[in-house]
Amino acid sequence: MWTVPKPKYRTGSCGEGEIAVNIGGVRVVLYGDVLSRYPDSRLAELLNCSPGNHEGISSLCDDFDPGRNEFYFDRDPDAFKCIIDVYYFNEIHIKPGICPICFIKEMEFWKIDQSVLDECCKSYLSEKEEELTEIANKVKVILEDLEPDRCVTCTQRCQRFLWRLMEKPGSSRSARVIAIASFLSVLVSAVVMCVGTIPELQVADAEGMLVEHPTLEAIETACMSWFTAEYLLRLASSPHKLHFVLSFMNVVDFMAIVPFYVVLSLTYFGTSSMMELTNVQQAVQALRIMRIARIFKLARHSAGLQTLTFALKRSLKELGLLLLYMSVGIFLFSALAYTLEQSHPETLFRSIPQSFWWAIITMTTVGYGDIYPKTTLGKCNAAVSFLCGVIAIALPIHPIINNFVVYYNKQKVLETAAKHEVELMELKSGRDVRRKKKFM
């Protein structure tokens, strides 16, 4: 509800204690006592400015009509309709369809502090500012790839060339070839690791133990040599080496390379007594299986995997609720199953912790059949448990899908906006060059 009379939209002259402003062709008559609520605003300063002070008036507005006592502003009238709300409600809402960044510039022009924005509009504004920051970062990356080398020393030029070659697949054809080779090496290494476990393809060593075929070992050695050379070149060419080493994906790369050399060292330098230890051999196998972590590097070149990861991060609350519901259901139905099945002489539910496994595979509708109820009440409990499991799993699906779609579309818009920004900058720079040549 309006607590004071609304601003008047009329063509006649304004009365005493009123001020007439023309905002982009829309004439509005405002009350002086209302404008005085914010004495530091532009309209309040204009109200207090004497009619004879033409210099002060011209500094506050774009034009002034002394005959009609009307002040003209070449501003957005729709944004101004939101601006004047602060004089009546002490808060401002950004209407749909108005760019929040442009609206902030309007508030700065009218000398209205951003603290009067409503909380919902502040969150919307912060979201838009984050998008602009992301666009600026993408534009910066694109410009860094396009600009020529300006390094002083030969070492700096070589470092920059290697960095582009190893980290920027779109910078040149050679960088694209290296990215494809890295992608194929990851796949070949994963396939070799899987195929090497097939007994028919393994060979017996001197002690009669089955080991990987020498051909597969040679392929794995070649892949690991490529991974090592790639990691060292990227580390050597990195402008921020500490940040490079601590990066999550680079930690994964390092952990995928190290097991190969640990196994090689144990085999070459280790004593016979050490190699006979079962725990050491199991540790070596565990280290070798860690090379499958190299597959996560594919996420660096896949926008879909990055989007899925972000969607899961944004959906941690929903996933947490899912785990909470499932945990409560597992505890409840496993306890009921243990209690109801105790009357059967051939019960498979020996304890409540053992019943947890049955509750998990039942609520997730896997149902291996290794543990199952035999009493009528136990079967009814099982039916209720898998129905509750289906409902609990289906609840967070929509928020997760929605987060995925929103983030994916947002990334597409940001990439398009960044490319358009770069194109505009190129057009502007070309126009400036032509203008300079024209006046030379």
Revision key, fill the gap. Going through the stretch 339-351 in order, the residues found to be among the aliphatic types (A, V, I, L, M) and at pLDDT below 90 are LEU348
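For the subset of the stretch 300-352 comprising residues that are of a type in the set (Val, Ile, Thr) and buried (at least 17 other Cβ atoms within 10 Å of the Cβ), which member is nearest to LEU387 (Cα to Cα)?
Step one: filter the stretch 300-352 for residues of a type in the set (Val, Ile, Thr), giving 307, 309, 328, 330, 339, 347, 352.
Now drop any that are not buried (at least 17 other Cβ atoms within 10 Å of the Cβ), which leaves 307, 330, 347.
Working: THR307: 31, ILE330: 13, THR347: 23 Å.
The qualifying residue nearest to LEU387 (Cα to Cα) is ILE330.
Mind telling me which of the residues SER185, SER189, SER172 ends up being assigned by TED's automatic domain parsing to the domain that holds LEU264, among the hydroxyl-bearing types (Ser, Thr, Tyr) and over 16 Å from ASP253 (Cβ atoms)? Step through it out loud before you land on a result.
Numbers: SER185 fails: over 16 Å from ASP253 (Cβ atoms); SER189 fails: over 16 Å from ASP253 (Cβ atoms).
After applying the criteria, what remains is SER172.
A quick yes/no check of all residues on (1) at pLDDT 75 or above; (2) assigned by TED's automatic domain parsing to the domain that holds MET166; (3) of a type in the set (A, V, I, L, M); (4) within 18 Å of SER182 (Cα to Cα):
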{"residue": "LEU232", "(1), (2), (3), (4)": "yes, yes, yes, yes"}
{"residue": "SER247", "(1), (2), (3), (4)": "yes, yes, no, no"}
{"residue": "MET255", "(1), (2), (3), (4)": "yes, yes, yes, yes"}
{"residue": "VAL258", "(1), (2), (3), (4)": "yes, yes, yes, yes"}
{"residue": "VAL262", "(1), (2), (3), (4)": "yes, yes, yes, no"}
{"residue": "TYR268", "(1), (2), (3), (4)": "no, yes, no, no"}
{"residue": "MET275", "(1), (2), (3), (4)": "no, yes, yes, no"}
Review point. If you go through the stretch 214-225 one residue at a time, do you hit one that is within 30 Å of CYS158 (Cα to Cα), part of a helix (DSSP H, G or I) and modelled with pLDDT under 80?
Key: no
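Consider THR376 carefully, then state whether it is surrounded by 15 or more Cβ atoms within 10 Å (Cβ to Cβ) and not aliphatic (A, V, I, L, M).
Answer is no for this residue.
Which one of these is small (Gly, Ala, Ser) and within 30 Å of LYS412 (Cα to Cα): ALA335, ALA311? Reasoning before the result, please.
Details: ALA335 fails: within 30 Å of LYS412 (Cα to Cα).
Just a single option satisfies the conditions, and that option is ALA311.
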Exercise for review: Please find, among LEU201, LEU233, LEU210, LEU216, the residue that is over 36 Å from the mean Cα position of the chain (by Cα) and surrounded by 14 or more Cβ atoms within 10 Å (Cβ to Cβ).
Suggested key: LEU216
Revision key, fill the gap. Subset of the stretch 79-127, residues basic (Lys, Arg) and either part of a helix (DSSP H, G or I) or without any contact (Cβ under 8 Å) to a residue 24 or more places away in the chain (or both), comes to LYS81, LYS95, LYS105, LYS122
Practice item. Just one of (1) outside any loop (DSSP other than H, G, I, E, B); (2) without any contact (Cβ under 8 Å) to a residue 60 or more places away in the chain; (3) touching a Phe, Trp or Tyr at 6+ places or on another chain (Cβ under 8 Å) trips up TYR407, so point out which. Key: (2)
**Study point:** Pairs where the first residue, in the stretch 368-387, is of a type in the set (Lys, Arg) and the second is exposed (fewer than 14 other Cβ atoms within 10 Å of the Cβ), C-beta under 8 Å, 6+ apart
**Key:** LYS374/HIS344; LYS374/GLU346
Review point. Give me the pairs: first residue in the stretch 28-57 and closer than 22 Å to ASP76 by Cβ and in contact (Cβ under 8 Å) with a residue 12 or more places away in the chain, second residue surrounded by 12 or more Cβ atoms within 10 Å (Cβ to Cβ) and of a type in the set (S, T, N, Q), beta-carbon distance under 8 Å, and six or more apart or on different chains, which are they?
Key: VAL28/ASN22; LEU35/SER41; LEU47/SER36
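The values are calculated or read from the model by the stated rules, or taken from the named source; none is laboratory data. What you see is a predicted model; the values in this text were computed from it and never measured. Because the Cβ atoms are built from the backbone with ideal geometry, glycine has one as well, and the counts that use them run over all protein chains shown.
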